[in-house]
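First up is the structure itself, then whatever we jot down about it.
Here, each number is a calculation from the coordinates, and none is a lab measurement. Quick caveat, the model's predicted, so the values are computed rather than measured. Heads up, the Cβs are rebuilt from the backbone with ideal geometry, glycines too, and the neighbour counts pull from every protein chain shown.
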Amino acid sequence: MKDFPGTPGTMTGLILRILQCVFAAASIASMASTSYFFKFTAFCYLIASLGLQITWSFVLALIDAYALVRNKALQSTVLISLFVAGDWITATLTLAAASSSSGVAILYFNDLKSCSFIGECQKYQLSVALAFLSWITIATSSLIMVWLLASS
């Protein structure tokens, strides 16, 4: 297997995993700081999806950190296959949640003009933007994992 940036056990792989956690946690914090997010199913789905992503990315960040400290290679085919499956599942869930939440935010707050609390609307929009940033980082990791698996 090739060793290129973003592969498990490298510094760039660890940075990608940490960014996934940070963006997802910031999105959840922004959404949870509002008082009415639970009235919108898409926003609840966003929080659930990002909670799963935080868990997955944090565990893989710990594995990457362990591999960096111990100077071990994490390039067995079985391990990479597990990473591919988990990354693609969380990437799909995160994209679906971010897309549905952005649709709700646009519909209710821009098209219907039903946002009476400007601060809350901005928090919803910030949360959706952070969710998309989180998806970009998990999608990058997913593509790197598929590329690594294909090159093995």
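Table for the structure above
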item	result
Rule-of-thumb Rg ratio for the chain [Cα; 2.2 N^0.38 Å; N residues]	1.15
Label-point separation in nm, Ser152 to Leu107, each point 7 Å along Cα→Cβ	4.1 nm
Largest to smallest principal axis extent of the C-alpha atoms in segment 48-93, angstrom	34, 20, 9
Chymotrypsin sites (Phe, Trp or Tyr not before Pro) restricted to segment 32-132 and DSSP loop, no more than 16 other C-beta within 10 Å	Tyr36, Phe117
Helix 118-150 vs. the chain, principal-axis angle (Cα, 0 to 90°, nearest 10)	20 degrees
Difference of contour (0.36 nm per residue) and Cα-Cα distance, Ala32 to Ala65	8.9 nm
Crossing angle, helix 41-70 versus the chain [Cα axis fit, 0-90 degrees, rounded to tens]	20 degrees
Pairs of lysine residues in the chain - Cα separation under 25 Å, sequence separation of 8 or more or cross-chain	4
